1. Consider THR145 against the criteria (1) modelled with pLDDT of 90 or more; (2) out of contact with any Gly (no Cβ under 8 Å at 6 or more places or on another chain); (3) farther than 14 Å from PHE36 by Cα: it satisfies all of them except one. Which criterion is unmet?
2. Just to check your reading of the model, which residue among ASP546, ASP586 is under 30 Å from ALA642 (Cα atoms) and surrounded by fewer than 22 Cβ atoms within 10 Å (Cβ to Cβ)?
3. From VAL99, VAL149, VAL120, VAL126, which residue is β-branched (Val, Ile, Thr), under 26 Å from GLY28 (Cβ atoms) and buried (at least 21 other Cβ atoms within 10 Å of the Cβ)?
4. Since THR495 meets every condition but one in (1) in contact with a Ser or Thr (Cβ under 7 Å, 6 or more places away or on another chain); (2) modelled with pLDDT of 80 or more, which condition does it not meet?
5. Between SER518, SER513, SER435, which is among the hydroxyl-bearing types (Ser, Thr, Tyr), in contact with a Lys or Arg (Cβ under 9 Å, 6 or more places away or on another chain) and at pLDDT below 85?
6. When you go through (1) buried (at least 22 other Cβ atoms within 10 Å of the Cβ); (2) at pLDDT below 90; (3) of a type in the set (S, T, N, Q) one by one for SER679, which number turns out not to apply?
7. Looking at TYR248, TYR287, can you tell me which residue is part of a helix (DSSP H, G or I), aromatic (Phe, Trp, Tyr) and within 20 Å of the chain's Cα centre (by Cα)?
Amino acid sequence: MAGITPEVVEVSGGNLVLVIVVALIALGALAMAAKFRSEVIAAGEGTDSMRTIAQAVQEGANAYLTRQFRTLGIFAAVAFFALLLLPADDTVVRIFRSVAFLGGAGFSAAVGYLGMSLAVQANLRVAAAAETEGREPAMNIGFRTGATVGMLTVGLGLFGASLVVLLFQDKAPQVLEGFGFGAALLAMFMRVGGGIFTKAADVGADLVGKVENNIPEDDPRNAATIADNVGDNVGDCAGMAADLFESYAVTLVAALILGSQAFGDKGLVFPLLIPAIGALTAVAGVYLCQPRAGESGLTTINRAFYISAAIAAVASIVLAFVYLPTSFADLANRASGDALDSTFGYSAPDGNPALIAALAVLIGIVLAAAILALTGYFTGTEFRPVKDVGRTSLTGAATVILSGLSVGFESAVYTTLVIGAAVFGAFLLGGGSLSIALFAVALAGCGLLTTVGVIVAMDTFGPVSDNAQGIAEMSGDVSETGAQILTELDAVGNTTKAITKGIAIATAVLAASALFGSYIGTVVEKLDEITPKDGDRLNFWVFSPDVLVGLLIGVAVVFLFSGLAINAVGRAAGAVVFEVRRQFRDIPGIMEGTGRPEYGRVVDIVTRDSLRELATPGILAILSPIAVGFGLGVGALAGFLAGAIGSGTLMAVFLANAGGAWDNAKKLVEDGHHGGKGSEAHAATVIGDTVGDPFKDTAGPAINPLIKVMNLVSLLIVGAVISLTVGEDSHRGLSILVSLVATAGIVVAVYISKQRSAVISDEEPAKV
């Protein structure tokens, strides 16, 4: 038997040329990012007051990310050396797997930082354009900003993967494990830290400003407003950009690992060609996003997405039939795929490889379109779910919260069924071959990747439009018409952010499913290296007690992770509430507009709180699969991953869509429905939105990288787990010790986190 990585996959000269072409397309995507950035920077910057406010936001965002990267550098250094200790085929692979880890982490950080640095310059340009030029130019600036981040994501992801394939060829899948792990780990930290920052500031600003003092959301008299605007950039922009980049990177990693097994050398190249098509169609999608007279901004963006997705689908199908053979007999170097099939009792592959690949990619593209439509329905202001949530505001905050929870729960079911149908549909394409079926699932993820450039543009549009509205309101230099344009764009941005979260979750499930298959295959390979008899005893039956216990622990980790993230926001928001109350009370003239709030004080509070809270979720994600694997074995670890994927999917969609529905219900009331701003209905929706903030922008999105981090950690440690737990030379005592140490690390981290849960008193409003 052989495992998930073929013994030899020699990439032929013609295929190497194609990989070089992919690398050049990646560089072209980076060039387009530079072009879109220059178009944004060329726009007008607005009034002196706008520039002053924007400068404060820029300084706060840069200061936060600088401190965050300094903190994350410690985790990166530890992970770099830890990877060196894990088994690999040879020393070169082991070293460059760690180097690739730094590359993936660095690229993820670069996408987040560069995206944020442009967003904080674009926000005042959108505000200025809304006032002086109208809706279409303002929208174009916002979308071009997102397009810059989208092309950075596509360019760096493709370039990193193609470079590794060029340099390592048959060893590329193992090296890419490090690349994907680096991208996923850093994205998770940025998602958690940025999410805590942005929502602590947002919740604190809303509770003291809107609810207690009845002043607008971005009123300059509120000391938390600058921190709130900073948070939009470090959380919704930098965090989500890093998140989508790691989705891109990890999906490529999974596809290349499985492709080399299922399709031989062509399987190592084809997964790169599909996203390369996506890079080209993303450029088309950006230029197609031109507002038409009388249509809503969301309609414009959706049209650009659907057209670019359709072009990608046609091009991918043509590529599959041109590049791939129509018979498995014509595919070289896929002997390990046959061996894996025979191990689990699957039949040899049969059918048309080109047709299987084309249909799998098409499933991924259709899935992206379906998630866009489904999420838009449950979170858009023009559809019934959000209208119903808004209507319940007439009876108070409690009914708003109940109706929002209902929307979240219901939407999670439908979205999960759609994602499950896509995964199972791709799996069925295998035609009885496990190796081909798993690769088809990975290719569905690659199909979804063809839409990532436009998806990232849609996501970044959200925080940019939100910030633009904040700058306009704080400066007071925008007319009623300009303010209405910015309000409309902000509502569109809320929906696009919710949509991109849904698609990121779908990508995570496809990538995690493929990685799960990689894990199973690696288990087979490692067991066979010890003794074939151990392979005969391998089973992952769900009714096996160890597998069932592992599954329950996987579900529990997702719930604990979500609780920790939401609780962290609550603690940090409590500190903001007391600090803002103190300033209203102790600084003369704030409410009259003659006193200046201490904005920097609030920025400092949420910065230190968010960075302090980074460690516990990260420790949980890394150590929990180590504790389960070394303590309960590879079967329990398989159950753990299955439980995490299933519960993570439902939890992430629930949190994201419930929060999105509450947010847009508030926008609906602010547009004049049910009494408008200042009414009791408005106060009720503000409470709902406040509850939803950590749902949709902290805990929910962070689950996406969480499940991939745990899958990648499992894939990286499985060799060590088997060597210590299986066979005559096993060291069960040592494996139990490793498990106990990992468990102790989790317990200590959670305990320390809980010690910070003490209620903050009015006498200590800013204690951090």
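The values are calculated or read from the model by the stated rules, or taken from the named source; none is laboratory data. Because the structure is a prediction, the values reported are computed rather than measured. Quick reminder, even Gly has a Cβ in these numbers, built from the backbone with ideal geometry, and neighbours come from all protein chains shown.
1. Exception for THR145: condition (3).
2. Working: ASP586 fails: under 30 Å from ALA642 (Cα atoms).
Residue meeting the stated conditions: ASP546.
3. On the way: VAL99 fails: buried (at least 21 other Cβ atoms within 10 Å of the Cβ); VAL120 fails: under 26 Å from GLY28 (Cβ atoms); VAL126 fails: under 26 Å from GLY28 (Cβ atoms).
Exactly one of VAL99, VAL149, VAL120, VAL126 is β-branched (Val, Ile, Thr), under 26 Å from GLY28 (Cβ atoms) and buried (at least 21 other Cβ atoms within 10 Å of the Cβ), namely VAL149.
4. Checking THR495 against (1) in contact with a Ser or Thr (Cβ under 7 Å, 6 or more places away or on another chain); (2) modelled with pLDDT of 80 or more, the one that fails is (2).
5. On the way: SER518 fails: in contact with a Lys or Arg (Cβ under 9 Å, 6 or more places away or on another chain); SER513 fails: in contact with a Lys or Arg (Cβ under 9 Å, 6 or more places away or on another chain).
When all the criteria are applied, what remains is SER435.
6. (1)
7. Working: TYR287 fails: within 20 Å of the chain's Cα centre (by Cα).
Going through TYR248, TYR287 in turn, just one is part of a helix (DSSP H, G or I), aromatic (Phe, Trp, Tyr) and within 20 Å of the chain's Cα centre (by Cα): TYR248.
Each row is one residue, and each column tells you yes or no for (1) surrounded by fewer than 24 Cβ atoms within 10 Å (Cβ to Cβ); (2) farther than 30 Å from ALA665 by Cβ; (3) modelled with pLDDT of 90 or more.
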| residue | (1), (2), (3) |
| --- | --- |
| ILE274 | no, yes, yes |
| LEU280 | yes, yes, yes |
| ALA313 | yes, yes, yes |
| ALA329 | yes, yes, no |
| ALA357 | no, yes, yes |
| ALA368 | no, no, no |
| ILE371 | no, no, no |
| GLY376 | yes, no, no |
